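Report on the structure given below.
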Amino acid sequence: MTQPSPDVTVGIINHNPHRLTVGCLESLFLLNNDLALDVIVVDNATGDGSADEIAACFPQVRLIRQAEPRGFAANHNALAALARAPAYLALNDDTVWLPCDPAWATKIRSRLVHGEPPWRSDEQTTLAALTRSTPGPIARLLYRLHTDESVGAVAPLLVWPDGCPQDVSARPFPTLWSDLRRYLAPDPRRVRGSPLPAGPVAILSGCALLVRRTAWEQLGGLDERFLMFGEDVDFCRRLALAGWRRWFEPQVTIVHYGSQSTDSEPFRWAVEAVRSRTRYYQRHAGRLTAALFYKAATAILVVRWALALQFEPNCRTERLAAIRELLGWQ
């Protein structure tokens with residue numbers, strides 16, 4: 001019997017800890033069973049046996065095992081090249097889809113806050129039935145691509161487990177001043193209050209980014225010079241330059257734990273964030289702006305980390321290594 005053509009290809013990069021990937025896949029299949037999903041997971045050289053667990057628990061997933069780790073952009077470009085559907089969803093492994101029913105969404109978030117499983121086994125039938133009677137989360141995102149040919153990408157609202165919106169969900173393009181202000185006076189990780197309304201925005205987060213395949217191919221995918229951070233900013237800028245709109249759909253929500261693959265090496269990834277933004281400015285604002293940003297951001301971080309060495313002796317080696325990297329990078 002011929003298999004139906006998939007509606008969406010979903011690409012996921014499996015990192016440590018792999019329990020997050022399992023939770024992500026569970027919510028993906030349970031709450032989006034109204035669509036034909038083509039799901040591909042790349043095991044990013046975890047070496048912890050998680051690839052075997054994923055293969056055993058989700059036989060419908062196409063699993064790719066990598067011997068060497070690769071960056072976010074390189075992995076998603078490889079996954080998108082294998083896509084069978086007209087839309088590609090780049091999905092972080094540290095996410096959990098929420099039902100579009102507000103009562104169920106609140107119940108699941110409450111359990112996640114307390115470290116509990118999002119649903120009991122006897123509730124899965126009820127949750128699965130929700131998307132058979134009304135469109136599921138991804139179907140609602142896909143609707144925008146189907147009904148508006150000017151939209152090249154669409155994304156949901158990212159929330160913390162307690163329901164607080166994340167400011168990375170949708171935001172304006174960065175400027176030199178906005179970036180330096182962020183380094184001088186970092187905003188809290190959690191942004192409270194109402195998110196932006198549904199509509200076109202500048203930047204959508206790459207945590208759960210649904211892209212029209214023709215737009216992805218037109219742009220050549222993500223820029224692999226970005227190892228981590230900033231790929232989505234650059235991609236959205238290039239979408240805009242190519243005439244594609246980016247649509248934010250806050251009625252669809254997804255829990256994003258955040259920083260799960262970077263918390264173990266915060267200083268290394270702080271350096272990479274500076275490098276990524278510098279590459280962005282080199283491409284879209286010119287070498288002078290890029291140089292000004294890099295020198296100013298480096299000065300701010302070096303002073304902050306050097307002062308911290310006096311009062312927080314832990315992580316001394318990591319801080320010094322990060323300072324040397326910043327001062328030595330061209």
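The values are calculated or read from the model by the stated rules, or taken from the named source; none is laboratory data. What you see is a predicted model; the values in this text were computed from it and never measured. Cβ sites come from the backbone with ideal geometry, for glycine too, and all protein chains shown count toward neighbours.
If I ask for residues that are on the phi < 0 side of the Ramachandran plot, exposed (fewer than 13 other Cβ atoms within 10 Å of the Cβ) and part of a loop (DSSP other than H, G, I, E, B), which ones from segment 108-126 would you list?
HIS114, GLU116, PRO117, ARG120
Looking only at residues that are touching a residue at least 24 places away in the same chain (Cβ under 8 Å) and basic (Lys, Arg) in segment 35-80, which one is surrounded by the most Cβ atoms within 10 Å (Cβ to Cβ)?
Here the residue is ARG70.
Step by step: first the residues of segment 187-204, then only those that are closer than 13 Å to TRP247 by Cβ and either aliphatic (A, V, I, L, M) or modelled with pLDDT of 95 or more (or both), then the one that is nearest to the chain's Cα centre (by Cα). Which residue is that?
LEU204
Considering segment 29-51 alone, what residues qualify as being within 17 Å of LEU82 (Cβ to Cβ) and modelled with pLDDT of 95 or more?
Answer for segment 29-51, where residues must be within 17 Å of LEU82 (Cβ to Cβ) and modelled with pLDDT of 95 or more: ALA36, LEU37, ASP38, VAL39, ILE40, VAL41, VAL42.
Would you say GLY11 is small (Gly, Ala, Ser) and within 17 Å of LEU142 (Cβ to Cβ)?
Spelling it out, GLY11 is indeed small (Gly, Ala, Ser) and within 17 Å of LEU142 (Cβ to Cβ).
Could you list, in sequence order, all residues of segment 127-157 that are surrounded by 13 or more Cβ atoms within 10 Å (Cβ to Cβ) and either assigned to a strand (DSSP E or B) or without any contact (Cβ under 8 Å) to a residue 40 or more places away in the chain (or both)?
Scanning segment 127-157 gives THR134, TYR143, HIS146, VAL151, GLY152, ALA153, VAL154, ALA155, PRO156, LEU157.
Could you grab me the full set of residues in segment 158-175 that are over 14 Å from ALA208 (Cα atoms), surrounded by 18 or more Cβ atoms within 10 Å (Cβ to Cβ) and either β-branched (Val, Ile, Thr) or outside the structural domain of THR95 (by TED's automatic domain parsing) (or both)?
Once the filter is applied, which keeps residues that are over 14 Å from ALA208 (Cα atoms), surrounded by 18 or more Cβ atoms within 10 Å (Cβ to Cβ) and either β-branched (Val, Ile, Thr) or outside the structural domain of THR95 (by TED's automatic domain parsing) (or both), segment 158-175 yields nothing.
Mind checking which residues of segment 212-251 are part of a helix (DSSP H, G or I), of a type in the set (A, V, I, L, M, F, W, C) and under 13 Å from ALA155 (Cα atoms)?
If the condition is that a residue be part of a helix (DSSP H, G or I), of a type in the set (A, V, I, L, M, F, W, C) and under 13 Å from ALA155 (Cα atoms), then CYS236 is the only one that fits.
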